[in-house]
1. Heavy-atom accessible area per residue, region 12-141, 1.4 Å probe: how many Å²?
2. In whole percent, how big is the carbon plus sulfur part of the accessible area of region 36-134, probe 1.4 Å, protein atoms only?
3. How high is the relative contact order of region 37-141, given as a whole-number percent (alpha carbon pairs under 8 Å, six or more residues apart)?
4. Considering only C-alpha atoms, what is the centroid distance from region 74-138 to region 33-73, in Å?
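The values are calculated or read from the model by the stated rules, or taken from the named source; none is laboratory data. Since this is a predicted model, take the numbers as computed values, not measurements. To get the accessible areas, we keep the full protein, side chains included, count just its heavy atoms, and leave off ligands, DNA and RNA. Shrake-Rupley method; radii C 1.70, N 1.55, O 1.52, S 1.80 Å.
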Amino acid sequence: MKRTLVLFLCSIALTLSACNHENIPITKNDLPQSAQQFLNRYFSTCTIYQVLRDGHEYEVKFTNGFEVDFDKNGDWKEVDCHISAVPSAIVPMTIANYVSTNFPQNYIVKISVDHHGYDVELNNDMDLEFDKNGKFLRRDD
């Protein structure tokens, strides 16, 4: 009987733990202030479809298919515009210059940043990696 009770309680604890990291719908006003400012500055003409919180991270989805991910502080982690160009003002100048010089017929549709640097996807499905200073590292076709 005790064993069954312990297993049952462990099962409940695991379920509750898993629920704490599921995507929870929230509103734009529930985002950190810096995330709200980022959206107002770069995506003010886009209509928000859904805002989700997953643990301490946030995901914003727009009706046009764009997606923006933020960390717990409201700093952007990824901007994915799928087939449209990401707002040029969020792309570091060194990366923008590299792309325009080496791939003049293409544009950036997705950019992500972490402590290692930047990953960029072009509209021709080419992936480029840059260090945190924007220096080109490698290309993945």
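1. 61 Å²
2. Working: 2370 of 5430 Å².
That share works out to 44 percent.
3. Relative contact order for region 37-141 comes out at 15 percent.
4. Between the Cα centre of region 74-138 and that of region 33-73, the gap is 18 Å.
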